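This report refers to the structure that appears directly beneath it.
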Amino acid sequence: TVRPAPAFRPMPPGVSAASRTACTGCGDCVTACPQQILLIAEGRVAIDFDRGECTFCSACATACPETVFATPAVMAHRAVIGDSCLARRGTTCMSCRDACPEDAIRFVPRVGGPFLPDLSPAACTGCGACIAPCPADAIAMRPKEPAHA
C-alpha cells in the first residue's frame, strides 16, 4: 500500500531545514546510500523509512559535494507510536520492538490485554527501523523536543 505524504517529512541524519537549502538535488547521496532509503523530493534530499532504516554509516555525507550533511550524523526527529497500534487495539504485536536496534521500545504488561508499547525518547535515534515492519502503519516520525535535539 502507498501511504499519503506525511505532514512532517523527516530529514536524513545530520540534515537540518537550513542545511537542506544547500542541496542541489544532484542525487550523489541517494546513489551512495547502501540502505537505499534516500530520495530526491521537491528537488532536495529526503528519507523514506518505508524502504528501510538508517544505519548512520555517513556514506551520504561523504558523497555529498555540498554542505548539506553535518557531523555527527544525528536525526532531528524520533519515532512516536500512534493509536492505530495493534497492541493498543487489543491484538498482540511486538514487531516494532523486535526491529529496534537500540531497544528503545519495550512492552509493558497490562491486565486483560496484550502488552503495550513504551517508547523511550532518550533511546530513540530516529533510525526508522520500526516503521516498515509495523503492520498497522502506527509509527511516524515527529520533530524532537528542543531539549532532546
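The residue of region 6-43 that is most open to solvent (accessible area, probe 1.4 Å), among those that are closer than 21 Å to Cys57 by Cβ and β-branched (Val, Ile, Thr), is Thr31.
Of the numbered criteria (1) modelled with pLDDT of 95 or more; (2) surrounded by 13 or more Cβ atoms within 10 Å (Cβ to Cβ), the one Ala70 fails is (1).
Considering only region 96-130, state which residues are closer than 21 Å to Arg9 by Cα, open to solvent by less than 20 Å² (accessible area, probe 1.4 Å) and not hydrophobic (A, V, I, L, M, F, W, C). Within region 96-130, Gly126, Gly128 meet the criteria.
In region 131-146 there is no residue matching the filter, namely being surrounded by 17 or more Cβ atoms within 10 Å (Cβ to Cβ), modelled with pLDDT under 95 and over 12 Å from the mean Cα position of the chain (by Cα).
I need the full set of residues from region 101-118 which are more than 21 Å from Asp48 (Cα to Cα) and at pLDDT 95 or above, in order please.
Listed by number, the residues that qualify are Asp103, Arg106, Phe107, Val108, Pro109, Phe115, Leu116, Pro117, Asp118.
The residues on offer are Ala61, Ala76, and the sole one that is buried (at least 16 other Cβ atoms within 10 Å of the Cβ), at pLDDT below 95 and not hydroxyl-bearing (Ser, Thr, Tyr) is Ala76.
The values are calculated or read from the model by the stated rules, or taken from the named source; none is laboratory data. If you're wondering where the values come from, they're calculated on a predicted model, not measured in any experiment. Note that we place each Cβ from the backbone using ideal geometry, even for glycine, and neighbour counts take in every protein chain shown. These accessible areas exclude ligands, DNA and RNA; they are computed on the full protein's heavy atoms, side chains included. Shrake-Rupley method; radii C 1.70, N 1.55, O 1.52, S 1.80 Å.
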